[in-house]
Ligand code: KG4
Ligand code: ZN
């Protein structure tokens, strides 16, 4: 068992454009109140100030709703946690400071959680008995990284993208093709109707444990520039399918290589891009043992924060209420974890 199932945890996630509050008990999600800020759509990307304001408006109602749904009050929880970083600093501060204030007022232990490590723990929401060692591919809008979770639950950073993240490649490709923000999932949906082998987009060759997606994005840009708009519109499903195929192939090929070098058979793919159907299909074909979170847990949510908080707490790790947020990963020595 990789986390103590007996605890009630209240968790918050506010690192980017989702405000999320969750109450998790005995490893089960009792409440998951997650709101995506669609306000950013008009600007074509996340605006940090708008995100901070949205979190400020949503954090208390989210907690109230989580209490109503779970019928568990803050007095009754064993642990309070929040995402500490990386992320947008103003956005992080809202959830982190709110959670610390609750912990102070209700005299509860507090654990600050790394956002990327929380994504890894999303897999245990659906597969609580999954045993490490596990090779994780975390593919989201901001990150495309490999992590190895060892038998003792230690998490090791293995490597990652040299430029853009896979989700960024989806989103930027979608923007080039004229989909409204956030376009990654819309590009994937359009691609599901097309032929993935019609057009040949480049697959970057990079050293083991690394990725590169910026060349692919540029090649799509030139592909679109060189052709009349009519052609693009008439062939949109095939273009999306072929572009998506290149991203998925690179993710798959590098994961096969990483798993073989590290001699790890159990694979988990987490983060926003792990919702992609074509990715799921191709990974399942290739690996005997590959796991994906439920779609609701692929994007940012506080349930995964709660599970990571329990795993730290059971090892005696809590976070001082004097700690602040951090925004850069990997982080060493920028915040203090106390042994209780
Ligand atoms: O994990 P996440 O919610 O936020 C970050 O921490 O970045 O991931 C969001 C990313 C976006 O880039 C979005 O386009 C991508 O996940 N995404 C998808 C799909 N659904 C979301 N990419 C490909 N196919 C999808 N179905
Ligand atoms: Zn995330």
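The values are calculated or read from the model by the stated rules, or taken from the named source; none is laboratory data. Owing to the predicted nature of the structure, the values given are computational and were not obtained by experimental measurement. For neighbour counting, all protein chains shown are included, and Cβ atoms are generated from backbone atoms with ideal geometry for every residue, glycine included.
Quick notes
- Inclusion of residue 170 among residues that are within 16 Å of ligand 2 (Cβ to nearest atom) and either at pLDDT below 95 or within 16 Å of residue 223 (Cα to Cα) (or both) is warranted.
- Within region 78-109, tally of residues that are surrounded by 22 or more Cβ atoms within 10 Å (Cβ to Cβ), within 23 Å of residue 314 (Cα to Cα), modelled with pLDDT of 95 or more and in contact with a helix residue (DSSP H, G or I) (Cβ under 8 Å, 6 or more places away or on another chain): 7
- Residue in region 122-132 that is more than 14 Å from ligand 2 (Cβ to nearest atom), on the phi > 0 side of the Ramachandran plot and in contact (Cβ under 8 Å) with a residue 12 or more places away in the chain present: no
- Across region 140-157, the qualifying residues are those that are part of a strand (DSSP E or B) and surrounded by fewer than 17 Cβ atoms within 10 Å (Cβ to Cβ), and the one among them that is farthest from ligand 1 (Cβ to nearest atom) is 156.
- Enumeration of residues in region 74-124 that are within 16 Å of ligand 1 (Cβ to nearest atom) and not in a helix (DSSP H, G or I): 82, 83, 84, 85, 86, 87, 88, 113, 114, 122
- Annotation: of all residues in region 156-174 being touching a helix residue (DSSP H, G or I) at 6+ places or on another chain (Cβ under 6 Å) and without any contact (Cβ under 8 Å) to a residue 40 or more places away in the chain, the one that is farthest from residue 9 (Cα to Cα) is 174.
- Scanning region 174-198 for residues that are part of a loop (DSSP other than H, G, I, E, B) and surrounded by 19 or more Cβ atoms within 10 Å (Cβ to Cβ) gives 177, 179, 182, 183, 194, 196.
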